[in-house]
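Notes to accompany the following structure.
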Amino acid sequence: MEVDSCEMFHRWEMQDTPPDLLITNVSMLSIMLMRHEDKAFVNDRADSQIFEATKKWLEEDRENHVFQLVVDELHLYRGSSGTEVGYLLRLLMDRLGLSADSKQLQILASSASLGEDEESYDFLGGMFGLTPVEAKQRFHIESGESMYPADGQAHDFSENIDTTSIELGEAIASGNEVESEHIQELVNELVTAKNMEAIAYSFLVVRVIGSLLCLWKS
């Protein structure tokens, strides 16, 4: 495969010609940061060349070249494991010659549980090396909108839904054709507007997945 094609399948292609977009995970990123070429071998390649080439690209144009870091499911990185990920991202930034307040760094992250409150900004600051005040100044949190907003009313299932469901399961398991008419009656008893509405309101269905966090730079 040519290295100037739209896709790269082999690691040595990426090492020789770093891609514009690299999708990885925390474990692999940690390993990549530890791999260096062996000077004892001519034309040896290693993952460190990807970071070196990216750092050089950033240095070529301090005004227009921007490194974008995208993190999915940010809320999962909490506790001791979250601390490890936070320091790993700091190592990545350091290898690229960047800092948390660099104008050449833009961070995008998705989360299903972060809101516009002090606790969220404190979390963002701790993750990316900023103080809570700096995080609040630099991050914009775009919250999702529920497709079924709370209307202040209770949306409960019918009172006999549990016994009807059990009876339906037993009737289906019996495999008795005589039960077919009874099964349909039970289904009709369960599939009602009241029960369907209760199911809809029992899930947090949002138009966008969680919240989109954007690090704004002046």
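Since every read-out is calculated from the coordinates, none of them should be taken as a lab result. None of these values were measured; they are calculated from a predicted model. Note: ideal-geometry Cβ built from the backbone for every residue, glycine included; neighbour counts use all protein chains shown.
With both labels modelled 7 Å from their Cα along Cα-to-Cβ, the ASP101 to SER165 distance reads 5.4 nm.
Taking 1 over the mean of 1/r across every pair of different Cα atoms in the range 161-202, what Kirkwood radius in Å do you get? Let's see the in-between values first.
Numbers: mean 1/r = 0.0915 Å⁻¹.
It works out to 10.9 Å.
In this structure, the amide hydrogen of VAL71, modeled 1.01 Å from its nitrogen in the peptide plane, lies closer than 5 angstrom to those of LEU108, ALA109, SER110, counting only residues at least 5 positions away or on a different chain. Shown in residue order for the range 63-68 are the 3J(HN,Hα) couplings computed by the Karplus curve 6.51 cos²θ - 1.76 cosθ + 1.60 at θ = phi - 60°: 8, 10, 7, 10, 8, 9 Hz (x for Gly and Pro). Site pair ALA154 and VAL70 shows an inter-label distance of 4.5 nm when each label is modelled 7 Å from Cα along Cα→Cβ.
Nearest 0.05, what FRET efficiency do GLU119 and THR17 give at R0 = 41 Å with Cβ-Cβ as r?
On the way: r = 43 Å, r/R0 = 1.04.
Plugging the Cβ-Cβ distance into 1/(1 + (r/R0)^6) gives 0.45.
Local charge sum around GLU185 (other residues, Cβ-Cβ under 12 Å, Lys/Arg +1, Asp/Glu -1)?
On the way: positive: none; negative: GLU167, GLU179, GLU181, GLU189.
For residues surrounding GLU185, the net value is -4.
Judged by the mean number of other Cβ atoms found within 10 Å, the most tightly packed of the peptides 119-132, 52-65 leads the ranking 119-132, 52-65.
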